[in-house]
Amino acid sequence: MPPAPLTSGNARVKAARKLARRAFRTDSGRFLVDGPKALLGALEQPHRLHEVFATAEAADRFPDLHRQVAAADIPWILVDERAMGSLSDAVNPAGVVGVSELVTLTGEEVLAAGGRLVAICADVRDPGNAGTVIRCADAAGADGVVLAGDSVDVHNPKTVRATVGSLFHLPIGTTMSPAVAVAAAREAGFQVLAADGAGELDLDRAADSGVLAAPTAWLFGNEAWGLPDELAEQADHRVAIPIHGRAESLNLSTAAALCLYASARAQRLG
């Protein structure tokens, strides 16, 4: 007979649930990984996952994940629906949540590694936006993402879920100051392009003129107020995405996707 599922009052479940709070993540060096795709991404990195909580229904729905967790000798812990609801803040939980070691490097480490394309998020506070930028950077083949200044914690459960596993596919770093990140990008040989609706160069012209073919660090600002002038002025160019219709603007993650893919295309062709 299989063991009875753990309840929300179980000590092991309670300990994991605390990781929804940043202070506990920092103290323990661990965070929650919600959903099968994110867990499969974590499994690609040996010794990162410590345990996986799953409902009986999820074990049947995700047999490949179950097999890979077992093959890695990671505990697969059955919990009831209420316990799962306490571990996942998703509207419709997938039924699997893991505990992983933190993944971030410093922003300076990510940028010093070089490459062709990175994203710097300056004071990006919305968890979904930050996670989607990471996912877009991964899809575009970027070499890393830096969350700078007062950006959201990359280990925030909503951010992790929004990356859909991309959190584990490319280096992610944090730094206290966007200006420090810009300086580190320059030192590593990147040009810095600030995504700015009032920019002097539009994205189409940047692509046509060959600007985007160079190694590039894209600088993206806060969802509400964008980039402060003093920070945008540190970029080599301020680049606007042309809007041909009547929309006032684009949201951050959409703008990031367009800029990153434009650079990726230019670099492949170049």
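Coordinate-derived values only; no laboratory data. Please read these numbers as outputs of a predicted model, since none were measured by experiment. FYI the Cβ positions are ideal-geometry reconstructions off the backbone, even for glycines, and counts take in every protein chain you see.
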List the trypsin sites (Lys or Arg not before Pro) in the range 199-258 that DSSP assigns to loop (not H, G, I, E or B) and whose Cβ has at most 16 other Cβ atoms within 10 Å. Which are they?
ARG246
Given the rule -39500 (n - 2.57) for each run of at least 4 DSSP H residues, summed and divided by the residues of the chain, what is its mean residue ellipticity at 222 nm, to the nearest 500 deg cm²/dmol?
-11000 deg cm²/dmol
May I ask you to derive the FRET efficiency for LEU201 and LYS158 from their Cβ-Cβ distance with R0 = 45 Å, giving the value to the nearest 0.05?
0.85
Which ³J(HN,Hα) values in Hz, rounded to whole numbers, follow from the phi angles of the range 166-173 under the Karplus curve 6.51 cos²θ - 1.76 cosθ + 1.60, where θ = phi - 60° and Gly and Pro get x?
5, 3, 9, 9, 8, x, 10, x
If you project the alpha carbons of the chain onto their three principal axes, what span does each projection cover, largest first, in Å?
68, 40, 35
The simple spin-label model distance between SER209 and ARG268, using points 7 Å out along Cα→Cβ, in nm, is 2.5 nm
Report the full-extension gain for the segment ALA72 to GLU44: residue separation times 0.36 nm, less the Cα-Cα distance, to one decimal in nm.
9.1 nm
Net charge near ILE243 (other residues with Cβ under 14 Å of its Cβ; Lys, Arg +1; Asp, Glu -1) is -3
Once LEU102 and GLU51 are pulled to full extension, the length gained, defined as 0.36 nm per residue separation minus their Cα-Cα distance, is 17.0 nm
Distance from the range 150-213 to the range 49-88 (C-alpha centre basis), Å:
34 Å
Mind checking the alpha-carbon convex hull of the range 36-184 and giving the volume per residue in Å³?
103 Å³
If you take every residue apart from ASP126 with its C-beta less than 10 Å away from the C-beta of ASP126, what net charge results, scoring Lys and Arg +1 and Asp and Glu -1?
+1
Only helices at least 30 Å long along their axis, Cα-based, and averaging -1.0 or more on Kyte-Doolittle count here, so list those DSSP H runs from the chain.
none
Might you report the magnitude of the Cβ-based charge dipole of the chain about its Cα centre, with Lys and Arg at +1 and Asp and Glu at -1, to the nearest 20 debye?
820 debye
Using a 7 Å offset from the Cα along the Cα-to-Cβ direction at both LEU258 and ALA4, what is the distance between the two label points in nm, to one decimal?
5.7 nm
Each residue of the range 223-231 in turn: what ³J(HN,Hα) in whole Hz from Karplus with 6.51, -1.76, 1.60 and θ = phi - 60°, glycine and Pro shown as x?
4, 8, 10, x, 9, x, 4, 5, 7
Looks like the range 11-101, by Cα gyration tensor root eigenvalues a ≥ b ≥ c and the a/c under 1.5 rounded cutoff (else prolate when a/b is bigger than b/c, oblate otherwise), is oblate
Determine the gain in length on full extension of the stretch ARG21-ASP89; use 0.36 nm per residue of separation and subtract their C-alpha separation, reporting nm with one decimal.
23.3 nm
Quick one: which residues, 5+ away or cross-chain, put their amide H under 5 Å from the amide H of ARG125? H built at 1.01 Å from N.
VAL152, GLU223
